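Q: Take this structure, written in structure tokens, and hold onto it; I'll ask about it next.
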Amino acid sequence: ADWLAGEAPATDTVWDCGCGSGQLSTLLATRFDRVLATDASARQLASLPTHARITRICERVERSALRRDSVDAVVAAQAAHWFDLTLWYDEVRRVARPHAVIALVSYGIPDIDDDIDPIVSRFQQGTLRPHWPPERLHVDAGYRTLPFPFESVVAPELEIRLDWCASQFLGYAETWSAVRALEKAAGSAELVRFQERLEDAWGPGERTVRWPVAIVAGRV
């Protein structure tokens, strides 16, 4: 949020595209006067915290009701791989003010340590591979595989960092769409085996979990 505000020509309005539950929207509200948080899912928007600077809008990002030349920055966090990019980029050009910044943000495979990483990798990239949607490959590539027809802007190296115990990491892993697909296709046996291996290797304490944040950015 700090970096986007610094790159934007002004900090009046930012468009958070495919905002989901608003995890980034609330951060953007600390730096921008107005956050237009749009998502096609009313259920997701309902879980977005109420904030004076955040306006929730239920609509597809490819055909928005936003005014022409009305936003200083556009960001899509962990969402751009679901968009029709040709239509969305046209919409970005319509609603963005001159020199507005656009950023595609993603995070992929977590990095913990030499004891845990091989266990997670075998499960996430091996066992679950047939069950990830094809679009997931763009996330793993840090969105570098997506077309991006804008003047490039160099983004900083950032990471998400949390200190978690094994149960917290497993709770996060159970939210993966591929885990739900695996359980539907083959039951829970593979998930249980992964949970047991991870808990044995993790131990009773906390470990630091890092997710490198990939940012593909440009100027409109």
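The values are calculated or read from the model by the stated rules, or taken from the named source; none is laboratory data. Since we're looking at a predicted model, the values are computed, not measured. Using ideal geometry, Cβ is built from the backbone for each residue, glycine included, and neighbour counts are taken over all protein chains shown. When the accessible area is computed, the model is the full protein with side chains, heavy atoms only, and any ligands, DNA or RNA have been set aside. Shrake-Rupley method; radii C 1.70, N 1.55, O 1.52, S 1.80 Å.
Q: If I take R0 = 30 Å and measure r between the Cβ atoms of GLU59 and LEU27 in this structure, what FRET efficiency does the formula 1/(1 + (r/R0)^6) give, to the nearest 0.05? If you can, show how the numbers build up before the last one.
A: Values: r = 22 Å, r/R0 = 0.73.
About 0.85, to the nearest 0.05.
Q: Once both axes come from the Cα atoms, what is the angle between helix 85-95 and the longest principal axis of the chain, in degrees from 0 to 90, rounded to 10?
A: Helix 85-95 sits roughly 40 degrees off the main axis of the chain.
Q: Explain nothing, just compute: Karplus ³J(HN,Hα) = 6.51 cos²θ - 1.76 cosθ + 1.60, θ = phi - 60°, for every residue of the stretch 5-17 in order, whole Hz, x for Gly and Pro.
A: Values, residue by residue: 5, x, 8, 6, x, 7, 10, 6, 9, 10, 9, 9, 8 Hz.
Q: Roughly to the nearest percent, how much of the accessible area of the stretch 20-161 is carbon and sulfur, given a 1.4 Å probe?
A: On the way: 3800 of 7430 Å².
The C+S portion of the solvent-accessible surface of the stretch 20-161 is 51 percent.
Q: Hey, what number do you get for the chain at 222 nm if only DSSP H runs of n ≥ 4 count, each worth -39500 (n - 2.57), divided across all residues, to the nearest 500? Before the final figure, lay out the partial values.
A: Working: 9 runs with 70 residues, N = 220.
Computed mean residue ellipticity for the chain: -8500 deg cm²/dmol.
Q: Find how many whole Å separate the alpha carbon centroid of the stretch 67-82 from the alpha carbon centroid of the stretch 15-37.
A: The stretch 15-37 and the stretch 67-82 have Cα centres spaced 10 Å from each other.
Q: Quick check: from the Cα gyration tensor, does the stretch 149-220 come out rounded (a/c under 1.5), prolate or oblate? Please report the intermediate quantities before stating the final value.
A: Numbers: a/c = 4.72, a/b = 1.72, b/c = 2.75.
Cα axes put the stretch 149-220 in the oblate bin.
Q: Still on this structure: Once the Cβ-Cβ distance between ALA10 and LEU146 is put in as r, and R0 is 30 Å, what FRET efficiency do you end up with, to the nearest 0.05? Spell out each step's value before the answer.
A: Details: r = 27 Å, r/R0 = 0.89.
Between ALA10 and LEU146 the formula returns 0.65.
Q: Using the heavy atoms of the protein chains and a 1.4 angstrom probe, tell me the accessible area per residue for the stretch 121-161 in square angstrom. Don't skip to the answer; put the middle values down first.
A: Numbers: 2660 Å² over 41 residues.
Counting only protein heavy atoms, the per-residue value for the stretch 121-161 is 65 Å².
Q: While we're on this one: What spacing in nm lies between the two simple spin-label points modelled at ALA189 and GLN168, each 7 Å away from Cα in the Cβ direction?
A: 3.3 nm
Q: Of (1) 54, 34, 33; (2) 54, 40, 31; (3) 59, 38, 30, which is the value of Cα extents along the principal axes in Å derived from the coordinates here?
A: (1)
Q: Continuing with the same structure: Suppose R0 equals 35 Å. What FRET efficiency, 1/(1 + (r/R0)^6) with r the Cβ-Cβ distance, do VAL154 and SER70 give to the nearest 0.05? Mind dumping the intermediate values first?
A: Values: r = 26 Å, r/R0 = 0.75.
Working from the Cβ atoms, E equals 0.85.
Q: Turning to a different aspect of this structure: In whole Hz, what ³J(HN,Hα) sequence does the stretch 174-191 give by Karplus (6.51, -1.76, 1.60; θ = phi - 60°), x for Gly and Pro?
A: Karplus values, whole Hz, x for Gly and Pro: 5, 7, 5, 4, 5, 5, 5, 5, 4, 4, 5, 7, 9, x, 9, 4, 5, 5.
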